[in-house]
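The values are calculated or read from the model by the stated rules, or taken from the named source; none is laboratory data. These numbers were taken from a predicted model, which means no experiment stands behind them. No Cβ is skipped: glycine too gets one built from the backbone with ideal geometry, and neighbour counts run over all protein chains shown.
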């Protein structure tokens, strides 16, 4: 099988599992306990926090461990907005992950916030100047994802963060897909909150982290024992935190070389798909996109039918966000980019990893060309 659905999840790296193993077995203590087992767990958690902070370029105290990207986004949006007295206005975009959109919707319904959605262009790119015009004196928070999970378009986060800061609003970015592929230095990005998730990086599912700028108030969304400096109650996932730190460091160390190499493979793959697959249409920005993302629509087919046929041929990919898998609705991302519902239903996403090879992608192009030709009734370019 050729696995090209790494944006949905990635396998746990062996080095990550080995680093976690002691905290799953003999060093199993609760970090809140005062005995030796607890002290060892607390020390491991401290070291993991410091390692994550080094990659993010922040203080260790600014890192909050969570259960994943969804919780990180919820805590950043709901927690920061409720704790900020300046106003009840949020600016975001219609292509955000559901965790962001639903958090904003919750604040609208339950707390009377007003949410402004700034449109994107046909490539899924936000116009920073247009977003700037949407900002107001009572804007509490701006939330724009670093890179889109479906089409891979990378947003001008530095520019947007600067605009938000100029009016005194907080800036949050969902960097779940960007981690491992794009720089994460929070000072350079200018953000106040940044969310990442372990299982996109080679750590297990169920662990994530949220950067919260020092001095920024946040209303806890989980209540209990006051762990994570009162920002996220619940016994900390020590092995998960250790695994996330290891995976993040490994990905960051490899990023300068692997991102360029995978981007070259992706570009060649995109060119071949557009040349050899009948009717193929690239979605997302051709240049400003994640190195590992290649997403298309195939008019005259069903995206789900293409996926099933490719799986039969040994190729694993997806039709978009794994969080919306099984939905009969067209992708909200593609609709926001101006695609009609019928075309959006033909979407297929291929997401590469460090281990993806040129041979893998050549085999994928051949299988895809045959699959789309068979499903659409049009002959492939190779036939």
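Quick notes
- Any hit, the range 221-238, residues being assigned to a helix (DSSP H, G or I) and under 30 Å from residue 76 (Cα atoms): yes
- Of all residues in the range 19-39, those that are more than 14 Å from residue 238 (Cα to Cα) and in a helix (DSSP H, G or I) total 1.
- Among the candidates 98, 102, residue that is in the same structural domain as residue 180 (by TED's automatic domain parsing), touching a helix residue (DSSP H, G or I) at 6+ places or on another chain (Cβ under 7 Å) and either crowded, with 22+ Cβ neighbours inside 10 Å or over 13 Å from residue 212 (Cα atoms) (or both): 98
- Residue in the range 198-215 that is within 19 Å of residue 78 (Cα to Cα), surrounded by fewer than 17 Cβ atoms within 10 Å (Cβ to Cβ), assigned by TED's automatic domain parsing to the domain that holds residue 112 and touching a strand residue (DSSP E or B) at 6+ places or on another chain (Cβ under 6 Å) present: no
- Considering 76, 42, the condition of being modelled with pLDDT of 95 or more, closer than 20 Å to residue 234 by Cα and surrounded by fewer than 19 Cβ atoms within 10 Å (Cβ to Cβ) is satisfied by 42 alone.
- Among the criteria (1) crowded, with 23+ Cβ neighbours inside 10 Å; (2) assigned to a loop (DSSP other than H, G, I, E, B), the one residue 286 does not fulfil is (1).
- Residue within the range 336-344 that is under 30 Å from residue 93 (Cα atoms), at pLDDT below 95 and touching a strand residue (DSSP E or B) at 6+ places or on another chain (Cβ under 6 Å) present: no
- Scanning the range 228-272 for residues that are without any contact (Cβ under 8 Å) to a residue 60 or more places away in the chain and either more than 18 Å from the chain's Cα centre (by Cα) or assigned by TED's automatic domain parsing to the domain that holds residue 200 (or both) returns 230, 233, 234, 253, 256, 257, 260, 261, 264, 267, 270, 271.
- Pairs where the first residue, in the range 50-66, is at positive phi and the second is part of a helix (DSSP H, G or I) and surrounded by 15 or more Cβ atoms within 10 Å (Cβ to Cβ), C-beta under 6 Å, 6+ apart: 57/186
- Residue 84 vs. criteria out of contact with any helix residue (DSSP H, G or I) (no Cβ under 9 Å at 6 or more places or on another chain) and under 24 Å from residue 171 (Cα atoms): yes
- Matching entry among 131, 135 (being modelled with pLDDT of 95 or more, buried (at least 18 other Cβ atoms within 10 Å of the Cβ), more than 20 Å from the chain's Cα centre (by Cα) and under 15 Å from residue 191 (Cβ atoms)): 131
- The listed residue being outside the structural domain of residue 102 (by TED's automatic domain parsing) and at pLDDT 95 or above, out of 70, 9: 9
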